[in-house]
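In what follows, a structure is listed as structure tokens, so that the remarks can point back to it.
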Amino acid sequence: MEKKKIKIVAKKYLNDLFNSFDDVIFEKIEALSLLLISAWKNNSKIFICGNGGSGANSIHIANDFLYGVGASEDGPILPGLSIESLVSNQAIITCLSNDIGYENIFSYQLKVKATKNDILIVLSGSGNSRNILNAIKFANENHINTFALVAFDGGECKNIVNDYILINENNMELAEDSQMIIFNICKKYLSSIKSEIFSER
């Protein structure tokens with residue numbers, strides 16, 4: 001069997017990743033940025049979650065927006081957003097999985113922690129994970145704004161959230177890389193205008 005050169009694989013992957021982003025996606029990233037700006041200004045709580053690699057991304061994103069967004073770029077160092085990854089506490093995840101089922105690990109945390117007008121952001125490849133869908137349904141029933149980043153065809157998730165970004169790729173690696181790229185873009189944007197956002201302070 002002839003070996004594929006890594007450069008060929010890498011170029012195709014990066015080309016597919018680049019082509020996943022079009023004007024529709026950029027408009028959706030702007031909508032997500034505006035949601036994050038509103039939460040930052042109003043000190044609304046943001047909860048973010050996902051499974052597997054998406055769950056790991058949710059922890060990374062929560063770190064970046066709690067601290068990095070206010071400390072990056074020029075201008076004053078400001079407190080970041082009030083954001084929490086619902087994946088980050090292993091004791092809670094294993095307790096809820098064992099006692100009430102893995103499908104409820106996120107919705108139960110929202111029941112305890114979230115209040116009206118908070119924000120739930122979900123990261124999902126398929127858009128069909130039961131724990132993600134249960135979290136969205138709880139949020140919808142309790143006036144919590146919902147936003148999803150999904151791939152493939154978006155699954156059931158895209159039909160029940162308030163807004164979403166669909167990375168139209170049937171590839172989990174591209175889906176998970178896109179999640180981080182999208183939030184890195186949002187972080188760079190918010191950091192660059194933080195003085196404008198809080199000019200009245």
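Just so it is clear, none of the values below were taken in a lab; they were calculated from the coordinates. Bear in mind the structure is a predicted one, so any value in this text is a computation, not a measurement. Note: ideal-geometry Cβ built from the backbone for every residue, glycine included; neighbour counts use all protein chains shown.
Can you list which of the trypsin sites (Lys or Arg not before Pro) found in the stretch 89-187 are DSSP loop residues with at most 14 other C-beta atoms within 10 Å?
On the way: sites: 111, 113, 116, 130, 137, 158, 187; in loops: 116.
The qualifying sites are 116.
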Restricting the stretch 119-160 to chymotrypsin sites (Phe, Trp or Tyr not before Pro) in coil, as DSSP defines it, with at most 11 other Cβ within 10 Å: none
5 angstrom amide H check on residue 167, placed H, neighbours 5+ away: 150, 151
Separation between Cα centres of the stretch 172-201 and the stretch 18-86, rounded to whole Å: 6
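Taking the DSSP beta bridges in the stretch 22-194 as the whole, what percent of them are antiparallel, to the nearest 5? Working shown, then result.
Numbers: 0 of 19 bridges.
Roughly 0 percent of the beta bridges in the stretch 22-194 run antiparallel, per DSSP.
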Set of lysines near residue 194 by C-alpha distance (under 28 Å), chain-local residues within fewer than 8 positions excluded: 28, 41, 45, 113, 116
Computed FRET value (nearest 0.05) for residue 130 with residue 198, which takes r as the C-beta separation and R₀ as 45 Å: 0.70
D_trans [Stokes-Einstein, Kirkwood Rh over alpha-carbon pairs] for the chain, 10 °C, 1.306 mPa s, µm² s⁻¹: 90
Local electrostatic count, residue 174, Cβ distance below 12 Å [Lys/Arg +1, Asp/Glu -1]: -4
Span per principal axis, largest first, for the Cα atoms of the stretch 133-186 (Å): 32, 23, 14
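Please list the helices of the chain that count as membrane-span-like by this rule: a mean Kyte-Doolittle hydropathy of at least 0.5 together with Cα atoms stretching 24 Å or more along the helix axis, each helix being a complete DSSP H run. Could the numbers behind the result be given before it?
Numbers: long enough: 23-42 (29 Å, 0.75); 172-192 (30 Å, 0.14).
Correct list, ordered by number: 23-42.
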Computed [θ] at 222 nm, deg cm²/dmol, the chain (DSSP H ≥ 4; -39,500 (n - 2.57); rounded to nearest 500): -16500 deg cm²/dmol
Candidate aspartates and glutamates for bridging to residue 12, where Cα separation is under 19 Å - those fewer than 8 sequence places away on the same chain excluded: 2, 22, 169, 173, 176, 177
For the stretch 22-194: relative contact order, % (alpha-carbon pairs under 8 angstrom, 6 or more apart): 24
